Amino acid sequence: MAQSDYPNRPITLVVPYAAGGGNDLFARIASEKMSRTLGQQIVIENRPGAGGSTATRAVAKAAPDGYTLVIGGTGTLAVNPTLYQNVGYDPRKDFAPVGLIGTSALVVLVNPNLPARSIPELIALAKKDPGKLNYASAGVGSGIHLGTVLFETMAGVKLTHVPYRGSAPALTDLIGGHVSVYFSSLPPAVGLVGEGKVRALAVTGLKRSEIFPNLPTVAEAGLPGFEAVLHYGIVAPAGTPRPIIDKLSAALREAINASDTKERMAKDGTEPLLSTPEEYATDIDREEIKWSAVVRQSGAKGE
């Protein structure tokens with residue numbers, strides 16, 4: 001294989017979800033700049049199915065030549081191997097990490113009629129009547145679902161789970177008062193909080209968000225050590241030659257480090273993460289250990 005002239009044709013970057021979500025956005029931001037650096041077009045291919053597992057499994061089995069890559073995320077690499085009975089890939093053995101792109105936190109939203117204006121008040125309300133408070137998620141096993149399960153565990157409370165098929169219907173029912181709590185991704189929450197349609201209590205990262213600078217983190221608001229964030233990166237099939245991985249990794253770091261990339265990501269409440277392939281491998285390992293335990297605790301099973 002001629003590695004010295006890599007790449008000499010277009011590269012496919014598979015997004016294992018439908019267009020329009022966070023994974024898709026990260027793929028487009030990164031690939032645009034990487035294409036220029038590498039001198040070849042990076043073609044985005046959306047292949048949704050089984051919570052991202054179908055496409056991720058296909059890329060694990062693709063030729064390890066650097067021409068087929070996939071967006072790796074908390075869902076596909078840290079959650080799905082435990083959520084699905086036979087996911088068909090090993091997040092540690094079947095991929096060659098290229099590098100991280102970014103991380104995004106969630107924001108804890110409640111219906112404005114709920115008598116809770118802080119995390120301690122929400123916890124107290126949930127403790128008073130175990131199981132009475134319900135929460136929405138964007139689906140069983142989603143980052144939103146498992147972030148709330150982690151919250152329940154660490155706060156010692158019991159909430160009732162109401163899964164939806166995506167964020168839009170979940171937010172609609174939160175506004176309508178059919179559900180009380182929703183751990184939302186940041187972009188759709190901004191307008192709703194501003195209009196007073198929902199109340200924001202805290203963000204789920206370890207640092208405050210630039211989008212909601214006045215909101216505390218869940219950790220500082222009364223649940224020390226709590227962190228529920230989504231990580232995104234790029235991985236290649238295992239066995240991809242190291243010189244190719246190094247070339248891709250350098251192009252990815254350059255793309256993320258660009259000031260306009262950082263601005264675009266900040267608008268969506270995303271923090272850029274620069275990493276080496278080794279650092280991303282360590283991150284995948286750590287995230288899988290953390291979230292597989294939460295999946296087991298939740299009893300969730302992938303459909």
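Taking the range 82-138 as the range and being among the small types (Gly, Ala, Ser) and either open to solvent by less than 20 Å² (accessible area, probe 1.4 Å) or part of a strand (DSSP E or B) (or both) as the test, the residues that pass are Ala96, Gly99, Gly102, Ser104, Ala105, Ala116, Ala126, Ala136, Ser137. Restricting attention to the range 44-52, does a residue exist that is β-branched (Val, Ile, Thr) and either out of contact with any Leu (no Cβ under 6 Å at 6 or more places or on another chain) or in a helix (DSSP H, G or I) (or both)? Looking for residues that are β-branched (Val, Ile, Thr) and either out of contact with any Leu (no Cβ under 6 Å at 6 or more places or on another chain) or in a helix (DSSP H, G or I) (or both), one finds none in the range 44-52, hence no. Exactly one residue out of Arg208, Arg242 is out of contact with any His (no Cβ under 7 Å at 6 or more places or on another chain), closer than 25 Å to Glu45 by Cα and not β-branched (Val, Ile, Thr): that is Arg242. Residues in the range 261-294 that are part of a helix (DSSP H, G or I) and either modelled with pLDDT of 95 or more or open to solvent by 10 Å² or more (accessible area, probe 1.4 Å) (or both): 23 in all. Scanning the range 180-231 for residues that are polar (S, T, N, Q), crowded, with 20+ Cβ neighbours inside 10 Å and in a loop (DSSP other than H, G, I, E, B) gives Ser180, Thr204, Ser209.
Would you be able to tell me the number of residues in the range 1-58 that are of a type in the set (A, V, I, L, M, F, W, C), under 18 Å from the mean Cα position of the chain (by Cα), open to solvent by less than 30 Å² (accessible area, probe 1.4 Å) and under 27 Å from Ala266 (Cα atoms)?
As a first pass, look at the range 1-58 and keep what is of a type in the set (A, V, I, L, M, F, W, C): 1-2, 11, 13-15, 18-19, 25-27, 29-30, 34, 38, 42-44, 50, 55, 58.
Still in the list and also under 18 Å from the mean Cα position of the chain (by Cα): 13-15, 18-19, 25-27, 29-30, 50, 55.
Still in the running and open to solvent by less than 30 Å² (accessible area, probe 1.4 Å): 13-15, 26-27, 29-30, 55.
So of that shortlist, the ones also under 27 Å from Ala266 (Cα atoms) come out as 13-15, 26-27, 29-30.
Of the residues in that region, 7 qualify.
The values are calculated or read from the model by the stated rules, or taken from the named source; none is laboratory data. What you see is a predicted model, and the numbers here were worked out from it, not measured in a lab. Virtual Cβ from ideal backbone geometry, glycine too; neighbours counted across all protein chains shown. Surface areas here come from the heavy atoms of the whole protein model, side chains and all, with no ligands, DNA or RNA. Shrake-Rupley method; radii C 1.70, N 1.55, O 1.52, S 1.80 Å.
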